[in-house]
Structure formats: C-alpha cells, structure tokens
Amino acid sequence: MRAPAMIAIVKDLMIYITIIVAVILIPIKLGGFGPIFHASAAALAKHHPPGSIALSPKLYATYGTLALGSALALFLYPHAVTGVFSASSRRVVKRNMALLPAYSFALGIIALLGYMALAAGVHTKSTSEAVPLLFLKEFPTWFAGFGFAAIGIGALVPAAIMSIASANLFTRNIYKAFFAPNASHEHEARVAKIVSLIIILLALVFILGFPQQYAISMQQVGGILILQTLPTVVFGLFTRWFHRRGLFLGWLVGIVLGVLMWASTGYQSTSYTVGGVTAYAGIWALIVNIVIAVVFSAIFRAMGLSNGEDETTPSDYRVDVEASA
C-alpha cells in the first residue's frame, strides 16, 4: 500500500499540472470558453443522434439517479475500503475527506477537455482518444508526452489498489476460509501477493484482448451490483433491527433485478424505465432491495427466528488514542 500511496502523490502533481496548463493554454489558443462552447454545441448537433452541451429535461432523472447511485456505491467498493483501513489514523482519513472536494473539482475541469477537443476539430471514432489527440494537437511534443504520462500513471494507481483489495478478499475470505484455515499471517501475505500479480495480468489480457465496450459494460453493471450491498453494510452497522435473512433476500433480489434490467437493454445501458420514469437501474433495484429487507425483517422478527450472534470482541477494534485526544 505504501508504494501506490507514494506514486499517487506524483500522479496527482502531474495531473494537476497538466490540467491547469490545459485550461489556461488551450482556451487562449481557441479564443476563450465562449467560442469553445459554441463550437462544441455546433459539433454535437451534427452527431447521430444529435447531442447537446446542456442536459435535456428528459434526462434529469437519469442523470440525478446515476450520480446518486455512483456516490452511494463509491465507498462500498473493496478497494475504497482498503484505502481507508490502511490509513495510519482517523485524523488522516478526516484530512483526506476534507481535501476530496478539491480533487472532485479537478475531475470537473477534466470534463471540459471534451468540449475543447470538439472545438479544436479533433475527430476520432474512439472517445478515449479525444483528449490524447487534443494534447498532441495543442501542446508542444514534450508537454504532450508529460500529459500522456499523467494519464498512464493516473490509471495505474487505482489499478494497483484494486488488485491489492481483490487479492486480500480472495486470501482472507476464500483461501483461508476453505483451503488453509490455519495459515499464518506470512502465508496469507505471500498468497495475496501472488494473487495480486495474477489479477493484474488477467486485467491486462482483458483490456488488450477484448473490445473496449466490454470493459465499459463491466464498469456499468459493477455499479449496480455493488450498490445492492448498501443496506447490509449501512443498516447492518447502524442498527440491529434488520434481520440477516431479510437483508440477504433484499440483496439477492436486488442483484437479480439489477442484472435483468441491464440485460433488457441488450447490455447497452444501465437506465431503466418504470412507470414512465427513466432512472438508473441500480437505484430501482436498491429501492426493491430495501423494501424486501424491511418487510422480511419484520416477518422474521415476528416469527422469532434467530438473528445470529455478534462474534466480535473488544480486541477486534483499534482505538485511535491520538485522534481521540
């Protein structure tokens, strides 16, 4: 974890430098943001189907629920939790959360590069190539290379965290639970390192050997699936009222329903229409998930079914004395 954390500092510096230069230099060369938005609007209007720089009122619900679902799912991903658990103290987590809006603001600026590419007359069949082609066209060669390096390292750092999180999940929850229950910490660490390398190689094969749309589709459905863990994780942590079987049934129905809604679009979209309202399929599935969890929890509690026992002990929790003080 220390290696990705150190590289992340370099990554952030390179990305910020690239973005700051881009939003200053490119608008100057293109005549300002007014002409950029005007030119990009004209270019989008010629697309098939026609596009627009302003969101259509018909897409308000879709965009809003997608943003909400993505925000709820963000910290449910194992790699996000791994980053939090590896922090040295609660104070570090609080400081990073306080600085997170600055990083989110940079992401908003990056979105402007798409409009700049349209205004600069960049033509490509692959949307992923728009920004690199923009850099090649508007930047000196040496700085374009710097920007490409920032893009590359910006992808590698999250990938490293994801592989570590996946390897830890496999080692602790599958390998140790079913194959080596008496494995030492050193044994677990060794297996996790091997699995992490295998995951990285498989991901590389997937990206290079399969159409890009497959990767995008996997990302889309991943958000739907991970969002269905929200009731179990959040409700299960903050209240003991929900019954474990009710939470499980809600999760199962949410998973199946979310995948079916995605499949009904031919695996092309994560939007789904219910009662004339088009919204993010993950939110529709989450609503059903919560309803089933509430209803069946009430039923199981009324039936007096056992809800299991809390097997955690005080030693399972680490008290941050410095942060508490």
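Just wondering, is there one or more residues in the stretch 187-199 that are in a helix (DSSP H, G or I) and either assigned by TED's automatic domain parsing to the domain that holds residue 288 or touching a Lys or Arg at 6+ places or on another chain (Cβ under 8 Å) (or both)? Even if it seems obvious, please write down each step before you answer.
Restricting attention to the stretch 187-199, the residues satisfying the condition of being in a helix (DSSP H, G or I) are 187-199.
Adding the requirement that they be either assigned by TED's automatic domain parsing to the domain that holds residue 288 or touching a Lys or Arg at 6+ places or on another chain (Cβ under 8 Å) (or both) leaves 188.
Within the stretch 187-199 (the criterion being in a helix (DSSP H, G or I) and either assigned by TED's automatic domain parsing to the domain that holds residue 288 or touching a Lys or Arg at 6+ places or on another chain (Cβ under 8 Å) (or both)), the answer is yes, since at least one residue qualifies.
When you check residue 144 against the structure, is it touching a Ser or Thr at 6+ places or on another chain (Cβ under 6 Å), within 30 Å of residue 24 (Cβ to Cβ), crowded, with 16+ Cβ neighbours inside 10 Å and of a type outside the set (D, E, K, R), yes or no?
Numbers: touching a Ser or Thr at 6+ places or on another chain (Cβ under 6 Å): no; within 30 Å of residue 24 (Cβ to Cβ): yes; crowded, with 16+ Cβ neighbours inside 10 Å: yes; of a type outside the set (D, E, K, R): yes.
So residue 144 does not fit the description; no.
Inside the stretch 109-143, can you point out the residues that are free of Cβ contacts under 8 Å to residues at least 12 places away in the same chain, outside any helix (DSSP H, G or I) and over 19 Å from residue 35 (Cβ atoms)?
124, 125, 140
Within the stretch 77-90, identify whether any single residue is in a helix (DSSP H, G or I), more than 17 Å from the chain's Cα centre (by Cα) and in contact (Cβ under 8 Å) with a residue 40 or more places away in the chain, and answer yes or no. Let's see the steps before the verdict.
First, pick out the residues of the stretch 77-90 that are in a helix (DSSP H, G or I): 78-85, 90.
Next, only the ones that are more than 17 Å from the chain's Cα centre (by Cα) stay: 85, 90.
Narrowing the set further to residues that are in contact (Cβ under 8 Å) with a residue 40 or more places away in the chain leaves 90.
Yes.
Can you find a residue in the stretch 117-126 that is hydrophobic (A, V, I, L, M, F, W, C), farther than 21 Å from residue 83 by Cα and loosely packed, with under 15 Cβ neighbours inside 10 Å?
The answer is no, given that none of the residues of the stretch 117-126 is hydrophobic (A, V, I, L, M, F, W, C), farther than 21 Å from residue 83 by Cα and loosely packed, with under 15 Cβ neighbours inside 10 Å.
Pick out the one residue from 106, 61 that is under 17 Å from residue 158 (Cα atoms) and assigned to a helix (DSSP H, G or I). Outline the logic, then answer.
On the way: 61 fails: under 17 Å from residue 158 (Cα atoms).
Residue meeting the stated conditions: 106.
Exactly one condition in (1) under 30 Å from residue 65 (Cα atoms); (2) loosely packed, with under 13 Cβ neighbours inside 10 Å; (3) assigned by TED's automatic domain parsing to the domain that holds residue 66 is false for residue 219; which is it?
With (1) under 30 Å from residue 65 (Cα atoms); (2) loosely packed, with under 13 Cβ neighbours inside 10 Å; (3) assigned by TED's automatic domain parsing to the domain that holds residue 66 applied to residue 219, the lone miss is (3).
From the list 72, 66, 59, 100, pick out the single residue that is surrounded by 11 or more Cβ atoms within 10 Å (Cβ to Cβ), modelled with pLDDT under 85 and under 25 Å from residue 270 (Cβ atoms). Working first, answer last.
Working: 72 fails: modelled with pLDDT under 85; 66 fails: modelled with pLDDT under 85; 100 fails: surrounded by 11 or more Cβ atoms within 10 Å (Cβ to Cβ).
Step by step, each of 72, 66, 59, 100 is checked, and only 59 is surrounded by 11 or more Cβ atoms within 10 Å (Cβ to Cβ), modelled with pLDDT under 85 and under 25 Å from residue 270 (Cβ atoms).
Having 3 or more residues that are surrounded by 15 or more Cβ atoms within 10 Å (Cβ to Cβ) is the bar; report the helices (runs of 4 or more DSSP H) wholly within the stretch 225-325 that clear it.
244-264, 281-303
The values are calculated or read from the model by the stated rules, or taken from the named source; none is laboratory data. What you are looking at is a predicted structure, and each value in this text was computed from that prediction instead of being measured. Virtual Cβ from ideal backbone geometry, glycine too; neighbours counted across all protein chains shown.
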